[in-house]
Amino acid sequence: MNISELTHVWSEATQLSDALSAFPSSITQLVADPADPIGSARPAQAILASSALQYDADAFAQLPKLRIIVRTGIGIDNVDADAATRHRVVFCNTPDGPTESTAEHTVALMLALAKQVKPGMEQLAAGDFAPRAVPLGTELMGKTLGLVGLGRIGGRVAHICGRGLNMRVVAFDPYISPERAAEIGVELADLDTVISSADFLSLHAPSTPETRHLINADRLEQMKDHAILLNLARGPLVDSDALLDALDNDRIGGAGLDVFDPEPPPPSSRLRTHPKIIATPHSSGTTIEGRARIESMAVAAVLDFFNDRQPKDICNPDVLEYVQFANS
(Lines give C-alpha, C1' and ligand atoms only; values in the text may rest on other atoms or scores of the structure.)
Protein backbone atom coordinates (compact mmCIF):
# COMPACT_ATOMS: atom_id res chain seq x y z
CA MET A 1 0.00 0.00 0.00
CA ASN A 2 1.02 3.57 -0.62
CA ILE A 3 -0.40 6.80 0.73
CA SER A 4 -0.98 7.95 -2.84
CA GLU A 5 -3.65 5.23 -3.13
CA LEU A 6 -5.74 6.99 -0.50
CA THR A 7 -7.87 9.64 -2.18
CA HIS A 8 -11.18 9.55 -0.28
CA VAL A 9 -12.05 8.99 3.39
CA TRP A 10 -15.70 8.73 4.44
CA SER A 11 -17.02 9.36 7.95
CA GLU A 12 -20.34 7.87 9.04
CA ALA A 13 -20.71 10.49 11.81
CA THR A 14 -19.33 13.98 12.26
CA GLN A 15 -15.93 13.78 13.93
CA LEU A 16 -15.82 15.76 17.16
CA SER A 17 -12.08 16.41 17.30
CA ASP A 18 -9.50 17.71 14.84
CA ALA A 19 -8.12 14.19 14.21
CA LEU A 20 -8.96 14.36 10.50
CA SER A 21 -6.39 17.13 10.08
CA ALA A 22 -3.72 14.41 10.21
CA PHE A 23 -4.71 13.30 6.70
CA PRO A 24 -2.80 14.87 3.80
CA SER A 25 -4.58 17.86 2.31
CA SER A 26 -4.86 16.04 -1.02
CA ILE A 27 -7.37 13.56 0.46
CA THR A 28 -11.07 14.27 -0.03
CA GLN A 29 -13.01 13.90 3.19
CA LEU A 30 -16.57 12.73 2.66
CA VAL A 31 -19.49 12.76 5.10
CA ALA A 32 -22.53 10.53 5.09
CA ASP A 33 -25.54 11.59 3.07
CA PRO A 34 -28.56 10.77 5.28
CA ALA A 35 -30.61 9.88 2.19
CA ASP A 36 -28.07 7.32 0.96
CA PRO A 37 -25.24 6.84 3.46
CA ILE A 38 -23.62 3.78 1.88
CA GLY A 39 -23.98 5.27 -1.58
CA SER A 40 -22.16 8.40 -0.47
CA ALA A 41 -19.23 6.21 0.65
CA ARG A 42 -18.65 4.55 -2.75
CA PRO A 43 -15.56 6.60 -3.69
CA ALA A 44 -13.85 5.89 -0.36
CA GLN A 45 -10.87 3.65 0.23
CA ALA A 46 -11.26 4.16 4.00
CA ILE A 47 -14.29 4.41 6.26
CA LEU A 48 -14.53 5.73 9.81
CA ALA A 49 -17.59 3.82 11.01
CA SER A 50 -19.86 4.65 13.91
CA SER A 51 -22.56 2.42 15.43
CA ALA A 52 -25.75 3.39 13.59
CA LEU A 53 -25.26 1.59 10.25
CA GLN A 54 -24.94 -2.12 9.56
CA TYR A 55 -21.89 -3.00 7.49
CA ASP A 56 -22.98 -6.36 6.12
CA ALA A 57 -22.27 -8.24 2.91
CA ASP A 58 -24.68 -6.04 0.93
CA ALA A 59 -22.96 -2.89 2.17
CA PHE A 60 -19.48 -4.17 1.32
CA ALA A 61 -20.70 -5.17 -2.16
CA GLN A 62 -21.58 -1.52 -2.76
CA LEU A 63 -18.09 -0.32 -1.75
CA PRO A 64 -15.71 -1.68 -4.40
CA LYS A 65 -12.87 0.72 -3.55
CA LEU A 66 -12.93 0.13 0.18
CA ARG A 67 -9.68 -1.18 1.69
CA ILE A 68 -10.06 -0.47 5.42
CA ILE A 69 -12.95 0.21 7.80
CA VAL A 70 -12.28 1.43 11.33
CA ARG A 71 -14.96 1.37 13.98
CA THR A 72 -14.62 4.51 16.12
CA GLY A 73 -15.24 2.73 19.41
CA ILE A 74 -14.94 -0.66 21.01
CA GLY A 75 -18.14 -2.34 19.78
CA ILE A 76 -17.90 -4.34 16.58
CA ASP A 77 -21.31 -6.01 16.38
CA ASN A 78 -22.55 -3.76 13.55
CA VAL A 79 -19.73 -4.84 11.21
CA ASP A 80 -19.77 -8.29 9.61
CA ALA A 81 -16.14 -9.30 10.03
CA ASP A 82 -16.48 -12.34 7.76
CA ALA A 83 -18.01 -10.23 5.00
CA ALA A 84 -15.18 -7.73 5.37
CA THR A 85 -12.66 -10.55 4.96
CA ARG A 86 -14.42 -11.90 1.87
CA HIS A 87 -14.19 -8.44 0.32
CA ARG A 88 -10.49 -8.16 1.33
CA VAL A 89 -11.27 -5.24 3.65
CA VAL A 90 -9.23 -4.80 6.82
CA PHE A 91 -11.52 -4.15 9.77
CA CYS A 92 -10.21 -2.47 12.94
CA ASN A 93 -11.67 -0.91 16.03
CA THR A 94 -10.32 1.49 18.66
CA PRO A 95 -10.82 -0.41 21.94
CA ASP A 96 -8.55 1.74 24.10
CA GLY A 97 -10.19 5.03 23.17
CA PRO A 98 -13.42 5.01 25.22
CA THR A 99 -12.13 3.17 28.30
CA GLU A 100 -11.81 6.04 30.75
CA SER A 101 -14.90 7.91 29.56
CA THR A 102 -17.12 4.82 29.74
CA ALA A 103 -15.76 3.73 33.10
CA GLU A 104 -16.36 7.16 34.59
CA HIS A 105 -19.86 7.26 33.07
CA THR A 106 -20.60 3.91 34.70
CA VAL A 107 -19.61 5.26 38.09
CA ALA A 108 -21.57 8.47 37.45
CA LEU A 109 -24.80 6.53 36.83
CA MET A 110 -24.05 4.29 39.82
CA LEU A 111 -23.68 7.31 42.10
CA ALA A 112 -26.70 9.10 40.65
CA LEU A 113 -28.90 6.08 41.30
CA ALA A 114 -27.48 5.44 44.76
CA LYS A 115 -27.98 9.06 45.79
CA GLN A 116 -31.52 9.33 44.34
CA VAL A 117 -30.47 12.25 42.14
CA LYS A 118 -33.34 11.86 39.67
CA PRO A 119 -36.28 12.09 42.12
CA GLY A 120 -34.57 14.96 43.93
CA MET A 121 -34.14 16.90 40.70
CA GLU A 122 -37.73 16.21 39.66
CA GLN A 123 -39.09 17.38 43.01
CA LEU A 124 -37.08 20.58 42.89
CA ALA A 125 -38.06 21.28 39.26
CA ALA A 126 -41.73 20.88 40.24
CA GLY A 127 -41.34 23.73 42.73
CA ASP A 128 -41.10 21.67 45.89
CA PHE A 129 -38.37 21.60 48.50
CA ALA A 130 -38.86 18.65 50.82
CA PRO A 131 -35.56 16.84 51.44
CA ARG A 132 -37.16 14.14 53.59
CA ALA A 133 -39.65 13.34 50.84
CA VAL A 134 -36.87 12.21 48.51
CA PRO A 135 -36.32 8.42 48.75
CA LEU A 136 -33.41 7.57 51.00
CA GLY A 137 -30.17 7.11 49.15
CA THR A 138 -27.31 4.80 50.01
CA GLU A 139 -23.54 4.97 50.30
CA LEU A 140 -21.27 2.94 48.04
CA MET A 141 -18.53 2.36 50.58
CA GLY A 142 -18.62 -1.25 51.74
CA LYS A 143 -21.15 -2.32 49.12
CA THR A 144 -20.52 -5.12 46.62
CA LEU A 145 -19.98 -4.29 42.97
CA GLY A 146 -20.53 -7.20 40.62
CA LEU A 147 -18.91 -7.02 37.20
CA VAL A 148 -19.82 -9.18 34.22
CA GLY A 149 -16.73 -8.72 32.07
CA LEU A 150 -13.35 -7.59 33.34
CA GLY A 151 -11.71 -6.22 30.22
CA ARG A 152 -10.47 -2.68 29.72
CA ILE A 153 -13.61 -0.88 30.91
CA GLY A 154 -14.64 -3.40 33.56
CA GLY A 155 -11.11 -3.36 34.95
CA ARG A 156 -11.08 0.43 35.17
CA VAL A 157 -14.48 0.45 36.90
CA ALA A 158 -13.12 -2.11 39.35
CA HIS A 159 -10.12 0.14 40.06
CA ILE A 160 -12.23 3.27 40.65
CA CYS A 161 -14.79 1.52 42.85
CA GLY A 162 -12.46 -0.79 44.71
CA ARG A 163 -9.64 1.60 45.48
CA GLY A 164 -11.49 4.90 45.31
CA LEU A 165 -14.83 4.03 46.91
CA ASN A 166 -13.78 1.10 49.10
CA MET A 167 -16.27 -1.27 47.52
CA ARG A 168 -15.88 -5.03 47.44
CA VAL A 169 -15.58 -6.05 43.77
CA VAL A 170 -16.50 -9.50 42.45
CA ALA A 171 -16.41 -10.37 38.78
CA PHE A 172 -17.26 -13.05 36.25
CA ASP A 173 -15.00 -13.27 33.24
CA PRO A 174 -13.87 -16.68 31.95
CA TYR A 175 -11.02 -15.08 30.00
CA ILE A 176 -9.34 -13.32 32.94
CA SER A 177 -6.67 -15.10 34.94
CA PRO A 178 -6.76 -15.17 38.76
CA GLU A 179 -3.42 -13.34 38.70
CA ARG A 180 -4.84 -10.45 36.69
CA ALA A 181 -7.92 -10.29 38.94
CA ALA A 182 -5.77 -10.22 42.06
CA GLU A 183 -3.62 -7.48 40.53
CA ILE A 184 -6.62 -5.14 40.37
CA GLY A 185 -8.16 -6.30 43.64
CA VAL A 186 -11.07 -8.30 42.25
CA GLU A 187 -12.52 -11.61 43.44
CA LEU A 188 -13.42 -13.95 40.58
CA ALA A 189 -16.63 -15.95 40.93
CA ASP A 190 -19.17 -17.78 38.81
CA LEU A 191 -21.94 -15.78 37.15
CA ASP A 192 -24.66 -16.86 39.59
CA THR A 193 -22.57 -15.77 42.57
CA VAL A 194 -21.74 -12.40 41.02
CA ILE A 195 -25.37 -11.68 40.21
CA SER A 196 -26.78 -12.77 43.57
CA SER A 197 -24.15 -11.03 45.71
CA ALA A 198 -24.04 -7.65 43.93
CA ASP A 199 -25.55 -4.47 45.32
CA PHE A 200 -24.58 -2.92 41.97
CA LEU A 201 -24.32 -5.18 38.91
CA SER A 202 -22.46 -3.67 35.95
CA LEU A 203 -22.28 -5.30 32.52
CA HIS A 204 -19.13 -5.04 30.41
CA ALA A 205 -19.48 -8.01 28.07
CA PRO A 206 -19.63 -8.04 24.25
CA SER A 207 -22.84 -8.61 22.33
CA THR A 208 -22.79 -12.12 20.86
CA PRO A 209 -25.47 -14.76 20.26
CA GLU A 210 -24.36 -16.37 23.53
CA THR A 211 -24.73 -13.17 25.58
CA ARG A 212 -28.07 -12.05 24.13
CA HIS A 213 -30.48 -11.50 27.06
CA LEU A 214 -27.80 -12.61 29.48
CA ILE A 215 -29.83 -10.64 32.00
CA ASN A 216 -33.34 -12.07 31.65
CA ALA A 217 -36.25 -12.66 34.02
CA ASP A 218 -34.50 -15.55 35.77
CA ARG A 219 -31.30 -13.59 36.26
CA LEU A 220 -33.21 -10.58 37.57
CA GLU A 221 -34.90 -12.84 40.11
CA GLN A 222 -31.43 -13.76 41.39
CA MET A 223 -30.58 -10.13 42.17
CA LYS A 224 -31.07 -8.49 45.54
CA ASP A 225 -34.31 -6.53 45.74
CA HIS A 226 -32.41 -3.26 46.28
CA ALA A 227 -29.74 -3.96 43.64
CA ILE A 228 -28.96 -1.58 40.79
CA LEU A 229 -28.33 -2.88 37.26
CA LEU A 230 -25.96 -0.93 34.98
CA ASN A 231 -25.61 -1.59 31.26
CA LEU A 232 -23.12 0.55 29.39
CA ALA A 233 -21.96 -2.28 27.13
CA ARG A 234 -24.54 -3.40 24.56
CA GLY A 235 -28.33 -3.27 24.58
CA PRO A 236 -28.99 -6.91 23.67
CA LEU A 237 -27.36 -8.08 26.91
CA VAL A 238 -30.58 -7.18 28.76
CA ASP A 239 -34.14 -8.35 28.16
CA SER A 240 -35.83 -4.94 28.33
CA ASP A 241 -39.33 -6.29 28.99
CA ALA A 242 -38.04 -8.40 31.87
CA LEU A 243 -36.15 -5.40 33.27
CA LEU A 244 -39.23 -3.18 33.20
CA ASP A 245 -41.29 -5.90 34.87
CA ALA A 246 -38.67 -6.30 37.61
CA LEU A 247 -38.62 -2.54 38.23
CA ASP A 248 -42.41 -2.26 38.23
CA ASN A 249 -42.67 -5.02 40.83
CA ASP A 250 -39.80 -3.81 43.05
CA ARG A 251 -37.71 -6.90 42.39
CA ILE A 252 -34.66 -4.67 41.86
CA GLY A 253 -33.94 -1.13 42.95
CA GLY A 254 -33.13 0.62 39.69
CA ALA A 255 -31.16 0.66 36.47
CA GLY A 256 -28.64 2.85 34.68
CA LEU A 257 -28.64 2.45 30.90
CA ASP A 258 -26.56 3.94 28.12
CA VAL A 259 -27.38 1.30 25.49
CA PHE A 260 -30.62 -0.18 24.21
CA ASP A 261 -32.13 -2.87 22.02
CA PRO A 262 -33.25 -1.60 19.56
CA GLU A 263 -31.19 1.55 19.44
CA PRO A 264 -32.43 4.17 19.63
CA PRO A 265 -35.39 3.00 21.72
CA PRO A 266 -38.80 4.07 20.37
CA PRO A 267 -40.00 7.47 21.64
CA SER A 268 -42.74 5.64 23.53
CA SER A 269 -40.32 3.29 25.29
CA ARG A 270 -40.63 3.31 29.07
CA LEU A 271 -36.88 2.83 29.26
CA ARG A 272 -36.71 6.56 28.53
CA THR A 273 -39.06 7.65 31.30
CA HIS A 274 -39.27 5.01 34.02
CA PRO A 275 -38.80 6.65 37.43
CA LYS A 276 -36.28 4.01 38.52
CA ILE A 277 -34.12 4.31 35.40
CA ILE A 278 -31.47 6.89 34.61
CA ALA A 279 -30.83 6.61 30.87
CA THR A 280 -28.39 8.37 28.58
CA PRO A 281 -28.27 8.19 24.75
CA HIS A 282 -25.22 5.93 24.19
CA SER A 283 -23.10 8.90 25.18
CA SER A 284 -20.69 7.32 27.65
CA GLY A 285 -17.74 7.71 25.29
CA THR A 286 -18.67 11.22 24.21
CA THR A 287 -16.21 13.30 26.16
CA ILE A 288 -13.68 15.75 24.79
CA GLU A 289 -10.80 13.48 25.70
CA GLY A 290 -12.52 10.22 24.77
CA ARG A 291 -13.57 11.36 21.30
CA ALA A 292 -10.12 12.79 20.62
CA ARG A 293 -8.49 9.45 21.52
CA ILE A 294 -10.97 7.36 19.53
CA GLU A 295 -10.79 9.52 16.42
CA SER A 296 -7.00 9.87 16.54
CA MET A 297 -6.66 6.08 16.83
CA ALA A 298 -8.99 5.57 13.88
CA VAL A 299 -7.08 8.02 11.69
CA ALA A 300 -3.78 6.43 12.77
CA ALA A 301 -5.06 3.01 11.67
CA VAL A 302 -5.93 4.33 8.22
CA LEU A 303 -2.57 6.08 7.85
CA ASP A 304 -0.73 2.96 9.00
CA PHE A 305 -2.57 0.89 6.42
CA PHE A 306 -1.73 3.20 3.52
CA ASN A 307 1.86 3.55 4.69
CA ASP A 308 2.24 -0.24 4.48
CA ARG A 309 2.22 -0.74 8.25
CA GLN A 310 -0.09 -3.27 9.86
CA PRO A 311 -2.72 -1.35 11.85
CA LYS A 312 -3.41 -2.13 15.48
CA ASP A 313 -6.56 -3.92 16.65
CA ILE A 314 -7.48 -5.83 13.50
CA CYS A 315 -10.82 -7.54 14.16
CA ASN A 316 -10.74 -9.90 11.16
CA PRO A 317 -7.22 -11.35 11.32
CA ASP A 318 -8.08 -13.87 8.58
CA VAL A 319 -7.83 -10.96 6.13
CA LEU A 320 -4.06 -11.07 6.56
CA GLU A 321 -4.07 -14.06 4.26
CA TYR A 322 -4.95 -11.65 1.46
CA VAL A 323 -3.45 -8.36 2.68
CA GLN A 324 0.22 -8.16 3.60
CA PHE A 325 2.25 -5.30 5.03
CA ALA A 326 5.91 -4.53 4.61
CA ASN A 327 5.99 -3.35 8.25
CA SER A 328 3.85 -5.67 10.39
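The values are calculated or read from the model by the stated rules, or taken from the named source; none is laboratory data. Bear in mind the structure is a predicted one, so any value in this text is a computation, not a measurement. Neighbour counts run over all protein chains shown; Cβ positions are idealised from the backbone, glycine included.
Remarks
- Filtered by the rule that a residue be aromatic (Phe, Trp, Tyr) and buried (at least 17 other Cβ atoms within 10 Å of the Cβ), the range 305-323 gives 305, 306.
- Flag if residue 302 is β-branched (Val, Ile, Thr) and crowded, with 18+ Cβ neighbours inside 10 Å: yes
- For the range 46-59, taking the residues that are hydrophobic (A, V, I, L, M, F, W, C) and assigned to a loop (DSSP other than H, G, I, E, B), the one that is modelled with the highest pLDDT is identified as 53.
- Counting only helices (runs of 4 or more DSSP H) wholly contained in the range 192-306, the ones carrying 2 or more residues that are over 20 Å from the mean Cα position of the chain (by Cα) and of a type in the set (Phe, Trp, Tyr) occupy 288-306.
- Contact map, the range 83-107: residues that are on the phi > 0 side of the Ramachandran plot paired with residues that are outside any helix (DSSP H, G or I) and of a type outside the set (A, V, I, L, M, F, W, C), Cβ distance under 8 Å, separation 6+ or inter-chain. Pairs shown: 88/67; 88/322.
- Yes/no for residue 93 being surrounded by 24 or more Cβ atoms within 10 Å (Cβ to Cβ) and of a type outside the set (Phe, Trp, Tyr): yes
- Scanning the range 227-269 for residues that are more than 13 Å from residue 200 (Cα to Cα) and polar (S, T, N, Q) yields 240, 249, 268, 269.
- Checked against (1) loosely packed, with under 14 Cβ neighbours inside 10 Å; (2) part of a loop (DSSP other than H, G, I, E, B); (3) modelled with pLDDT of 95 or more, residue 163 passes all but condition (2).
- Residues of the range 26-45 include at least one that is in contact (Cβ under 8 Å) with a residue 40 or more places away in the chain and either hydrophobic (A, V, I, L, M, F, W, C) or assigned to a loop (DSSP other than H, G, I, E, B) (or both).
Rundown of residues vs (1) closer than 23 Å to residue 96 by Cα; (2) surrounded by fewer than 18 Cβ atoms within 10 Å (Cβ to Cβ), yes/no style:
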position: 123; (1), (2): no, yes
position: 131; (1), (2): no, yes
position: 167; (1), (2): no, no
position: 174; (1), (2): yes, yes
position: 177; (1), (2): yes, yes
position: 180; (1), (2): yes, yes
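- Pick from the range 8-28, criterion polar (S, T, N, Q) and surrounded by 14 or more Cβ atoms within 10 Å (Cβ to Cβ), ranking: nearest to residue 91 (Cα to Cα): 11
- A single member of 158, 242, 233 is over 28 Å from residue 94 (Cα atoms) and not charged (D, E, K, R), and it is 242.
- Selection count, the range 307-328, where residues are part of a loop (DSSP other than H, G, I, E, B), under 25 Å from the mean Cα position of the chain (by Cα) and of a type in the set (A, V, I, L, M): 0
- In the range 60-75 there is no residue matching the filter, namely being buried (at least 21 other Cβ atoms within 10 Å of the Cβ), assigned by TED's automatic domain parsing to the domain that holds residue 152, among the aliphatic types (A, V, I, L, M) and not in a loop (DSSP other than H, G, I, E, B).
- Looking only at residues of the range 1-17 that are modelled with pLDDT of 95 or more and part of a loop (DSSP other than H, G, I, E, B), we find that the one that is nearest to residue 306 (Cα to Cα) is 6.
- Close pairs from the range 310-328: first under 20 Å from residue 3 (Cβ atoms), partner assigned to a helix (DSSP H, G or I) and among the aromatic types (Phe, Trp, Tyr), Cβ under 6 Å, at least 6 apart: 311/305
- Subset of the range 39-58 that is within 23 Å of the chain's Cα centre (by Cα) and surrounded by fewer than 22 Cβ atoms within 10 Å (Cβ to Cβ) - its residue that is nearest to residue 301 (Cα to Cα): 50
- Count of the range 59-77 residues, restricted to those that are under 12 Å from the mean Cα position of the chain (by Cα) and not hydroxyl-bearing (Ser, Thr, Tyr), is 6.
- Boolean, residue 137 is over 27 Å from residue 286 (Cα atoms), outside any helix (DSSP H, G or I), of a type in the set (Gly, Ala, Ser) and without any contact (Cβ under 8 Å) to a residue 60 or more places away in the chain: yes
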